[in-house]
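Reading through the structure tokens given below for one structure.
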Amino acid sequence: MTKRTILLIGGARSGKSSYAEELARQIGGEVLFVATAEARDDEMKRRIEVHQKSRPVHWHTLEAPYKVGSCISQENRNLNVVVLDCITLLVNNVLCQHMAVQGEDVDEKTVEDDVKTEINSIIECMKKSTATYIMVTNEVGEGIIPLGASTRIYRDVLGRANQMLARAVGEVYLMVAGIPLKVKPQN
């Protein structure tokens with residue numbers, strides 16, 4: 001089995017997570033599903049439950065809202081596939097940590113430095129692994145300019161994190177209405 005590194009990017013409800021799970025099923029073997037979501041309210045708890053029920057019961061789940069790369073590195077299993085869903089929420093978690101301390105007046109560079117540390121750790125983990133990595137993230141730069149400073153920081157930092165991952169992986173697919181459009185490598 002050839003190792004692949006894949007980034008799935010698209011808007012909300014574009015089919016990213018479903019396609020990630022479909023790819024993992026096709027590859028088979030030992031699958032680790034890495035969830036970055038935190039159940040901060042009832043609606044998010046319900047979303048998480050729906051996602052959990054959609055995955056095969058034999059898949060392993062790792063809940064890692066922070067320090068994702070080091071959490072994956074600590075897994076002792078011989079993995080064939082790692083599905084990381086999603087980078088969007090990981091960046092949100094980092095921003096929320098800063099906002100809990102500083103309120104809305106967060107320093108973009110500090111947030112970005114912490115996000116870069118997270119992304120670099122994931123990239124290093126991916127490079128050292130023999131498993132196929134399938135990572136899910138949202139494209140948030142195509143909409144209107146957000147009104148608030150913290151939302152603009154989030155959009156910008158996530159966009160730069162997505163660029164880092166896109167450079168590091170072998171394949172990038174833009175998801176549109178459930179259809180994967182191959183962006184990298186170009187044919």
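The values are calculated or read from the model by the stated rules, or taken from the named source; none is laboratory data. Since the model is a prediction, treat every value here as computed from it, not as a measurement. Every residue, glycine among them, receives a Cβ derived from its backbone with ideal geometry; neighbour counts consider all protein chains shown.
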## Note on the structure
From the option list V136, V91, V82, single residue qualifying as under 12 Å from the mean Cα position of the chain (by Cα), surrounded by 14 or more Cβ atoms within 10 Å (Cβ to Cβ), among the aliphatic types (A, V, I, L, M) and within 17 Å of I153 (Cα to Cα) is V91
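So that you can scan it fast, the table gives a plain yes or no per residue for (1) at pLDDT 95 or above; (2) of a type in the set (D, E, K, R); (3) touching a helix residue (DSSP H, G or I) at 6+ places or on another chain (Cβ under 8 Å):
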| residue | (1), (2), (3) |
| --- | --- |
| S14 | no, no, no |
| A20 | yes, no, no |
| A37 | no, no, yes |
| K45 | no, yes, no |
| E49 | no, yes, no |
| Q52 | no, no, no |
| P56 | no, no, yes |
### Message
So, in the range 40-72, exactly how many residues are assigned to a loop (DSSP other than H, G, I, E, B), of a type outside the set (D, E, K, R) and exposed (fewer than 13 other Cβ atoms within 10 Å of the Cβ)?
### Response
3
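Please determine whether any residue of the range 73-93 is in a helix (DSSP H, G or I) and without any contact (Cβ under 8 Å) to a residue 40 or more places away in the chain. Talk me through it step by step, then tell me what you get.
Narrowing the range 73-93 to residues in a helix (DSSP H, G or I): 73, 87-93.
Next, from what is left, pick out any that are without any contact (Cβ under 8 Å) to a residue 40 or more places away in the chain: none.
No, every residue in the range 73-93 fails to be in a helix (DSSP H, G or I) and without any contact (Cβ under 8 Å) to a residue 40 or more places away in the chain.
Just name the residue that is nearest to Y66 (Cα to Cα) out of those in the range 94-142 that are assigned to a helix (DSSP H, G or I) and acidic (D, E). Steps first, answer last, please.
Initial filter on the range 94-142 (assigned to a helix (DSSP H, G or I)): 94-102, 108-128.
In the following step, the residues that additionally are acidic (D, E) were identified as 108, 112-114, 118, 124.
On the way: E108: 18, E112: 14, D113: 14, D114: 10, E118: 8, E124: 16 Å.
Restricting to residues being assigned to a helix (DSSP H, G or I) and acidic (D, E), the top hit is E118.
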### Query
For the range 149-186, how many residues meet the condition of being polar (S, T, N, Q), over 18 Å from the mean Cα position of the chain (by Cα) and not in a loop (DSSP other than H, G, I, E, B)?
2
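Take the conditions out of contact with any Gly (no Cβ under 6 Å at 6 or more places or on another chain), over 30 Å from D107 (Cβ atoms) and among the acidic types (D, E) and apply them to E75. Does it pass?
Taking the combined requirement at face value, the residue satisfies it.
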### Message
Looking at the range 122-149 only, could you name the residues that are among the hydroxyl-bearing types (S, T, Y) and within 25 Å of M175 (Cβ to Cβ)?
### Response
S129, T132, Y133, T137
### Message
So in the range 94-109, with the set limited to residues that are surrounded by 13 or more Cβ atoms within 10 Å (Cβ to Cβ) and over 16 Å from R155 (Cβ atoms), which one is modelled with the highest pLDDT?
### Response
Q97
